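What follows is a set of notes on a single structure, which appears directly below.
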Amino acid sequence: MTPQGSAERIQFIDLARFGTMALVFYGHFIERIMLLENPAAAAQYKFIYAFHMVFFFVLAGYVARDGDLRMALGKFLKYRLLSRLLPFAFFTILFMGAAAVFPGDFLQLELPSIEGYAKGLLNTVFGIPMFCVPSWFLLLIFSVEMVHYAVFRFLRSNAAIVIAIIAFYLGGYAFNWQFDLFNPLKGRVIGWNYLFIHEAIIMYAFYLLGVYLRRVGFLREKRSPLLLAAAAITMFFVVLFTYRINSGHFSFPAYDAVVIIFSSHGHVVWFAFTALAGSLMMLFAARALPAWPPVVWMGRNTLLLMCLNGIFYHFINPPAARWVVVHLPGTPVVIFGVGCAVTVISLALCMPLIYFLNRWVPQLVGKPKVDGPVIGPLIDMRLAPFEPQGKGSDCHVYPKV
């Protein structure tokens, strides 16, 4: 068997990213139905959240470029600020404006009002991004990447990476369980959650896992699609039969589910087990599926999709979920069907928005090197010399191992 060409590897990782992003859209809609006391939605929510956010960090580690670590700290920090925190600020401002015009659910903020905006901004800076909740991921991945810059230069062998994975996982789990720094149920919101640094400790373990999988060539060679599909189905049933076991150890027990934003992980063993099984399921599935160009394209724009999900999270999902609960049976099949339909429609509606933002203000949505029609490049190309030279600024080409 011969290694895949780089184009195939780009498509494989982008398919995985898109699939996980679809779960974000689905999970956020199902969450609204769950909060209306629908047990079928609660079960589906718990299943998805057992692994899907963790998998984002596995993917991020899988495509991490070792060459980035050779940048000077100032250059590395500038590039990450412009590609992570600038989009966060851009969408925060965008949604603050939208909240003044359209009615929405902003976690009990009274908008538009001076008090509501002041409280929301305070929480956004020191706690949770109130105006675009899904954008919290950008803060956490920024912190994880900064940890990687500081730590990975000392991990010179695969054995050292494995030891670090275990150490960061157990250390991060113990730290968050012991101190429970960010917990709205206990009034711990302001001041303790800046950039999710506390959660970056444990999520870095999964990021390192992705780095390790890349280094050992996991899924780098062609496999039978049927074999890969069988492996994905097997992992699906592993998650299905184990995700409920992770129960009773959550720091945010209101949901009885893994909620990474609140550092609510559950049992130290079962959290890792189901997260890994779910990650393998997504990897095998992405490797087995054909690369449909629109899906690959959206997979290359997951940062944008994450933030655009705020449109549905704040404005559309709440009334849509109430309509579903009032007018449709609350059976698992109906909830699943409606959730899939809403997800497909939501993603389709995002496509023109992605095109528009990439066309006119790419520098503000995660592509600071691009020269656009309105704004020029925000960063010198020489500051990020290890960017892939493929077609499209979000392409990922695996480094040689």
When every residue in the range 103-139 that is farther than 28 Å from residue 204 by Cα and hydrophobic (A, V, I, L, M, F, W, C) is compared, the one surrounded by the fewest Cβ atoms within 10 Å (Cβ to Cβ) is 114
Practice prompt. Return yes or no: is residue 371 over 26 Å from residue 136 (Cα atoms) and in contact with a Pro (Cβ under 7 Å, 6 or more places away or on another chain)?
Written response: yes
The correct count of residues that are more than 20 Å from the chain's Cα centre (by Cα) and either closer than 16 Å to residue 206 by Cβ or surrounded by fewer than 17 Cβ atoms within 10 Å (Cβ to Cβ) (or both) in the range 240-266 is 11
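One line per residue, one yes/no per condition, for (1) without any contact (Cβ under 8 Å) to a residue 24 or more places away in the chain; (2) within 18 Å of residue 318 (Cβ to Cβ):
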{"site": "88", "(1), (2)": "no, no"}
{"site": "97", "(1), (2)": "yes, no"}
{"site": "102", "(1), (2)": "no, yes"}
{"site": "105", "(1), (2)": "no, yes"}
{"site": "140", "(1), (2)": "no, no"}
query: Can you spot a residue in the range 82-104 that is closer than 20 Å to residue 301 by Cβ, more than 16 Å from the chain's Cα centre (by Cα) and modelled with pLDDT under 95?
result: no
Residue 218 meets each of (1) modelled with pLDDT of 95 or more; (2) surrounded by fewer than 16 Cβ atoms within 10 Å (Cβ to Cβ); (3) hydrophobic (A, V, I, L, M, F, W, C); (4) within 19 Å of residue 276 (Cβ to Cβ) with one exception, condition (1)
Apart from one, (1) part of a loop (DSSP other than H, G, I, E, B); (2) within 21 Å of the chain's Cα centre (by Cα); (3) β-branched (Val, Ile, Thr) all hold for residue 296; the odd one out is (1)
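Yes/no per residue for (1) touching a Cys at 6+ places or on another chain (Cβ under 6 Å); (2) surrounded by 21 or more Cβ atoms within 10 Å (Cβ to Cβ); (3) at pLDDT 95 or above; (4) in a helix (DSSP H, G or I):
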site: 291; (1), (2), (3), (4): no, no, no, no
site: 308; (1), (2), (3), (4): yes, yes, yes, yes
site: 345; (1), (2), (3), (4): no, no, yes, yes
site: 354; (1), (2), (3), (4): no, no, yes, yes
(1) in contact (Cβ under 8 Å) with a residue 40 or more places away in the chain; (2) more than 20 Å from the chain's Cα centre (by Cα); (3) closer than 18 Å to residue 48 by Cα all hold for residue 237 apart from (1)
Against the condition under 22 Å from residue 140 (Cβ atoms), out of contact with any strand residue (DSSP E or B) (no Cβ under 7 Å at 6 or more places or on another chain) and at pLDDT 95 or above, how does residue 71 come out, does it pass? no
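Of 43, 64, which residue is surrounded by fewer than 21 Cβ atoms within 10 Å (Cβ to Cβ) and either touching a residue at least 12 places away in the same chain (Cβ under 8 Å) or within 28 Å of residue 201 (Cα to Cα) (or both)? Give the derivation first.
On the way: 64 fails: surrounded by fewer than 21 Cβ atoms within 10 Å (Cβ to Cβ).
The match here is 43.
The values are calculated or read from the model by the stated rules, or taken from the named source; none is laboratory data. Predicted model only: the values in this text are computed from it and were never measured. Heads up, the Cβs are rebuilt from the backbone with ideal geometry, glycines too, and the neighbour counts pull from every protein chain shown.
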